[in-house]
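The values are calculated or read from the model by the stated rules, or taken from the named source; none is laboratory data. Just so it is clear, the model here is predicted, and its values are computed rather than measured. FYI the Cβ positions are ideal-geometry reconstructions off the backbone, even for glycines, and counts take in every protein chain you see.
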Amino acid sequence: MTRVFSGVKPTGHLTLGNYLGAMRQWATVDQHRAEALFCIVDLHALTVDHDPARVRRLSRQAATLLLAAGLDPRLCTVFVQSHVDEHARLSYLLECVATDGEMRRMIQYKEKAAREQRRGGSVRLSLLTYPVLMAADILAYRADEVPVGDDQVQHVELTRDLAVRFNQRYGHTFVVPRATRPKVAARVMNLQDPTAKMGKSDDTGPGIVYLLDEPDVVRKKVMRAVTDSGRDVVYDRESRPGVANLLEILAACSGGNPAALGGVYESYGALKKDTAEAVVEVLRPVQERHKELCADPGYVEGVLRDGAERARAMSRPTVDAAYRAIGLLPAGVDGGALG
Ligand code: AMP
Ligand code: TRP
């Protein structure tokens, strides 16, 4: 059976971009057709300035929202990365396979490091090595597919390179995974700056729709979205990024096709109105389920406990095999171990 792995970082409140670009596909498609694991990757949240209490709170909230979005623990495994030691254990070995140059070429590293330096802050070493930890997340489970939004594709490519290199040098150990992306909305843009990704870790702003925004807040944000000069509604990401973003969001929420929808609207105002309502309707069931789950924190905790146990059992043999393959002496008690 195909195995799927993906994750979300608890660095901010989850957004419409997370939902349309990743989570919805996990819930509606992946968990039904594959053996799927979904992880709240909390170790990744420590790569930038962080507040411990906030990371804890956001981790719990992300878990609750994943379940609210429809992940079903009877069908898939939902867990927290730091509950399973194998991720950090494998990450170190992969650091011994990856190169410094490879890490410095990662677009997300370059962007985040530059932003941090502009602010006068320092760049954590873990920000540089973060894609290696992500590779460990994926490879430890021998995942075949990694459903992600556009911004993560480069990291999955790196994961493939590391898997191939490790296998060539030390013997076949890892499955070489591939990224899968949703057909529309693989890159939802900020409503106030349609040339930038709608990212949850960015400053809170009127251009970001959060999954827990009240309907009226969603409407206000969408109605105030920056559109382009010109008046006719056409789908063109290059010259009309604002309108194209709205058409993609509408298509993703209502099941249409962005280019075809472009021909339907006479004005930007009408497009915004329908997009706002479509987003409100898509978020409604998620918000309702979230409220129910918040009333039962013991349930969410139990799901994470079981999930971690399953994830440990699934990753341990592969990580042990990698330790042996790379030349580390097993600590086994059976006489054969030192042979
Ligand atoms: P992150 O918020 O960086 O942890 O991302 C979790 C998942 O959501 C990843 O698969 C991302 O690629 C996806 N994602 C995040 N932001 C967006 C966006 N604006 N559009 C599409 N997908 C996104
Ligand atoms: N780096 C991903 C992001 O920022 C999150 C992530 C960590 C992830 N480990 C992963 C995604 C493994 C897919 C598979 O969105």
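Are any residues in region 92-108 part of a helix (DSSP H, G or I) and within 13 Å of LEU158 (Cα to Cα), and if so, which ones? Matches in region 92-108: LEU94, GLU95, ASP100, GLY101, GLU102, MET103, ARG104, ILE107, GLN108. Criterion applied to VAL176, VAL218, VAL156, VAL188 was being within 27 Å of MET1 (Cβ to Cβ) and buried (at least 19 other Cβ atoms within 10 Å of the Cβ), and the one residue passing it is VAL156.
Yes or no, residue by residue, for (1) assigned to a helix (DSSP H, G or I); (2) within 12 Å of ligand 2 (Cβ to nearest atom); (3) not assigned by TED's automatic domain parsing to the domain that holds LEU304:
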site: TYR19; (1), (2), (3): yes, no, no
site: ALA22; (1), (2), (3): yes, yes, no
site: GLN31; (1), (2), (3): yes, no, no
site: HIS44; (1), (2), (3): yes, yes, no
site: ARG56; (1), (2), (3): yes, no, no
site: LEU65; (1), (2), (3): yes, no, no
site: LEU71; (1), (2), (3): no, no, no
site: ARG74; (1), (2), (3): no, no, no
site: THR77; (1), (2), (3): no, no, no
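The set of residues in region 175-224 being polar (S, T, N, Q) and in a strand (DSSP E or B) consists of THR180 alone. Selection of region 157-200 for residues being more than 15 Å from ligand 2 (Cβ to nearest atom) and touching a strand residue (DSSP E or B) at 6+ places or on another chain (Cβ under 9 Å) yields MET189, ASN190, THR195, ALA196. Could you list, in sequence order, all residues of region 6-46 that are away from ligand 1 (no atom under 11 Å from the Cβ) and more than 20 Å from VAL300 (Cβ to Cβ)? Across region 6-46, the qualifying residues are THR28, VAL29, ASP30, HIS32, ARG33, ALA34, GLU35, LEU46.
Mind listing just one residue for me: the one in region 116-132 that is surrounded by fewer than 24 Cβ atoms within 10 Å (Cβ to Cβ) and touching a residue at least 60 places away in the same chain (Cβ under 8 Å) and, of those, nearest to ligand 1 (Cβ to nearest atom)?
Quick first cut of region 116-132, residues surrounded by fewer than 24 Cβ atoms within 10 Å (Cβ to Cβ) only: 116-129.
Those left that are additionally touching a residue at least 60 places away in the same chain (Cβ under 8 Å): 116, 121, 124, 126-127.
Numbers: GLU116: 16, GLY121: 20, ARG124: 16, SER126: 15, LEU127: 13 Å.
Checking each candidate, the answer is LEU127.
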